[in-house]
1. Over 27 Å between C-alpha atoms is what I'm after, so list which of B:K65/B:K142; B:K59/B:K112; B:K23/B:K61 land there.
2. I need the peptides A:61-67, B:4-10, B:107-113, B:216-222 ranked by packing, meaning the mean over residues of other C-beta atoms within 10 angstrom, with the highest value on top.
3. Assuming R0 = 22 Å, can you tell me the calculated FRET efficiency for the pair B:E55 and B:H167, based on Cβ-Cβ distance, to the nearest 0.05?
4. Treat the count of other C-beta atoms within 10 Å as a stand-in for reagent exposure and order B:S180, A:S84 from fewest to most.
5. Under the definition of partner shielding as Cβ atoms of other protein chains within 10 Å of a residue Cβ, what is the mean value for peptide B:12-21?
6. Explain nothing, just compute: Karplus ³J(HN,Hα) = 6.51 cos²θ - 1.76 cosθ + 1.60, θ = phi - 60°, for every residue of the range A:9-21 in order, whole Hz, x for Gly and Pro.
7. Return the average number of partner chain Cβ atoms within 10 angstrom of each residue Cβ along peptide B:61-71.
8. Please report how far the C-alpha centroid of the range B:1-69 lies from that of the range A:26-91, rounded to the nearest whole angstrom.
Amino acid sequence: MSLEEWELNVQVENPIDFISLAYHGCELRDIYQAQDLEDYFGMLNGPTYLSMVRHFWVRAQVYDRKASQMEMEEKVLIDPSMQSKTREEMGPEPFRCT
Amino acid sequence: MGIPIYILEASITWVIRRAAEGKFVNGLDNNKTSPWNDIVNKTMFNSTKKGKYIELSMKIKMLLKIQNENLLPKGGGGDQPSLDHSVLTLLSDQAESKCAKYIFKHMIKTLKESQTIKRTWIPYGRLISEILHQGGILKALKEVNYFIDAQLGTVTGKIINDSTLKHMKLIKKEDHIVLSIDMKESTVISNLMDDFPPICKHDPLEVRVMYMMDHFERTGQTIKISDIPETMYGGALPIANSRKCKKRAMT
């Protein structure tokens, strides 16, 4: 039984008020500045579209090396003449390693 | 039929506006024999043995909280840090870590868990929303002028600030001071409506007509009837619940 959109709980990231934390004796800005993550934490202070995220999540598929290999094997099963061809010649998009 | 969206590690790097370089340690397991245990214990607990959460310093507790909520969301309690989480805390204090890769791997792992063991929990709600927004989905929805924030379930995250320190009992109640410059949720702006008139279709017709005429006299620009939203937009967005259940609800 597959997951339904309404069943999913979305965890929304928490924006961080570094000034307030520093005032109360918890200075973390230097750590995240060294990590170059200021823009990331700035981005967190924005809207999250729960319905859209759920809609995306139930339809998402992982396309990794294994999935890419299976796709190629499937193509060879359908058309054995594909056996000697490269991935680009077979047609699917080139696998971009992440 | 729909709009295809591809999320690569590079997409995350781009959205978080950070260089892709950094240190990445793969294959960490939360077991007793990991070579990382000694280093993690030394950094977090200042000891050769694994300590307890209560023994952590205020700074480490907050770093862990931020990681559990934002960098490698756990979805549950943060008082039992896994090795993955400990290592990122450790890296935060030393070499620059490859955050986009950690985030990407964690997202993939959670997606696979959703598909295999039916986990009902989605991490990175805000990050995925931003990817969808930057991918042009919001622009497409805005063009059809059909969706409003309530339909999209627009919320914002709860801010980690002095109140969090108080709730975590890291500062005393009497030491808690609310500053005038504290970050407010009301500063959040929806991407769906960046230029909206301060009227809606629920306003009386005379009010709408008067406003449109006044606007035209002042700016020379016409407001179309279709540009007026169904309901009034403004103020703070609702705040998302912090507690997330990973299992299906009993029916």
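Throughout, read-outs are computed from the coordinates displayed, never taken from laboratory work. This one's a predicted model, so the numbers in the text were calculated from it and none came from an experiment. FYI the Cβ positions are ideal-geometry reconstructions off the backbone, even for glycines, and counts take in every protein chain you see.
1. B:K65/B:K142; B:K59/B:K112, as the Cα separations exceed 27 Å there.
2. Result, highest mean first: B:107-113, B:4-10, A:61-67, B:216-222.
3. The formula returns an efficiency of 0.65 here.
4. By the 10 Å Cβ count, ascending, the order reads B:S180, A:S84.
5. 3
6. Working through the residues one at a time gives 9, 9, 8, 9, 5, 9, x, 10, 8, 5, 5, 4, 5 Hz.
7. 4
8. 20 Å
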